[in-house]
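To start, the structure itself, in C-alpha cells.
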Amino acid sequence: MENHKHHIVEYLTNLYVWVGLAVLTIVTIWVSEFDLKMLTVAVALGVATVKAVLVLMYFMHLKFDSKILTVMVIVTLIVFLSMIVFTFFDYTFRA
Amino acid sequence: MNTNNTTSTHHEHRDDAARKMGMWLFLFTELLLFGGLFLVYSIYRYLNPEDFSNGSHHLDVFMGALNTMVLITSSLTVALSITAIQKGNKTLALRLLAATIFLALVFLVNKYFEWGHKIHYDLYPGTDLFKALPPGEGLFYVLYYFMTGLHMLHVIVGAIILAVMGKYIKDDKITKDNYVLLENGGLYWHLVDLIWIYLFPLLYLIH
C-alpha cells in the first residue's frame, strides 16, 4: 500500500541533481579563470548557493518533507547571515 | 489462534518526523560551528586581501575540484541508497552505501596527498618557512588547515555513521517501512557535502 506521507525521490531525479551539481562545479572553476574584479566573490558564492539549494531540496528532501523544516533552515540561515553582516558593519565603519 | 495477526499489526511507538527534526537541529549547530570559521575567514580575507590571494594561488585547484566531484558523487550514492531501501531493494541499498564509504576513503586519500605535499615543503605552522611568510598568508594557511581539517574529521565520522547504517540494513533494523535512521545518516553526509560546496570556492577559487 502506498503511504502518501513518504515521498520517494526517484533514482533518475537524484541522477539529474548530480548532473546539475557537476555542471555547476565545472562552471565555477571555468569562471574563476577570468578576472571579474569585484564580482569574483559574488559569482563564486552565488554558484555555490545554487548547488547548496539543489542539495537541500532534493538530496536532503526539504522539497518533499514537512514545510516546518524549510522554515527552520531559513531562520537558521538568517541568524548566520546577521552574524556575518553585523560583524562586517563593525569592521567597515571602524574609525 | 489470532496471535500472529495481532503482533504484526501491533502499533509501534515511533515518531519519524520528530526524529528527523532532531537531526536537523543538530545540523544547525554544525552549521554554526563552521559558520564561525567562515566568519573569521571572511573578516581576515577582508583585512588582508593581497596575502589571502597569494595563499590561495598556491592551492591545487585540480585536487580541490577532484574532491568536489568525489563528494557530490558520494552524496548521490547515499541519496540513491535511501531510494533503494524505500523501494525494498536491500542489496542495492547496501552496495550504494559501500560505494559512498569507498568515495569517502578516496576523498581522504586525496587530502592525504594534498596536505602531504605542503608538509613536505615545510608549509605548516611552526616551520622557519612558515614564520617568514607575510602574516596574512600565514593566517590563510592556518585557516586552510583548520577548516579542511575539521571538515575531514566530519568525513571520517560520516563514513563511520554510514558503516553503522549498513550494519542496520543487514540486520533488518532499517527496512522498507522504517528507514528514518538511514535518512538521518544521509542528512549528516549531505551536510558534509554542503560545507565542502562553500569551502572549495572560498579556499581554492577566489584569488
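A few remarks follow.
- Whichever lysines have a C-alpha closer than 27 Å to that of A:K37, once near sequence neighbours (fewer than 8 apart) are set aside: A:K51
- Eligible lysines near A:K67 by straight Cα distance, threshold 16 Å, same-chain separation 8 or greater: A:K5, B:K20
- Using the Cβ of A:Y58 as centre and a radius below 15 Å, the other residues enclosed give a net charge of -2, where K and R count +1 and D and E count -1.
- Under the span-like rule (Cα at least 15 Å along the axis, Kyte-Doolittle mean at least 1.0), DSSP H helices of chain B: B:61-86, B:135-170, B:180-200
- Ordering B:R14, B:R95 by the number of other Cβ atoms within 10 Å of each residue's own Cβ, fewest first, gives B:R14, B:R95.
- The mean sequence separation of alpha-carbon pairs under 8 Å and at least six residues apart, normalised by the residue count of chain A, gives a relative contact order of 28 percent.
- Sequence of B:V70, B:V192, A:V31, A:V53 once ranked by neighbouring C-beta atoms within 10 Å, starting from the fewest: A:V53, A:V31, B:V70, B:V192
- Protection proxy ranking, highest mean first, for peptides A:82-88, B:180-186: B:180-186, A:82-88, where packing is the per-residue count of other beta-carbon atoms within 10 Å, averaged.
- Counting Cβ atoms of other protein chains within 10 Å of each Cβ in B:76-83 and taking the mean gives 6.
- Whole-angstrom gap from segment B:83-127 to segment B:19-49, using each part's C-alpha centre: 22
- In chain B, Cα pairs under 8 Å separated by at least six residues give a relative contact order of 33 percent.
- Fewest-first ranking of B:V78, B:V155, using other Cβ atoms within 10 Å as the exposure measure: B:V155, B:V78
- Helix A:11-31 vs. chain A, principal-axis angle (Cα, 0 to 90°, nearest 10): 20
Read the figures in this text as sums done on the coordinates, not as results from a lab. In this text, all values refer to a predicted model and were calculated from it rather than measured experimentally. In this analysis, Cβ positions are derived from the backbone assuming ideal geometry, glycine residues included, and neighbour counts consider all displayed protein chains.
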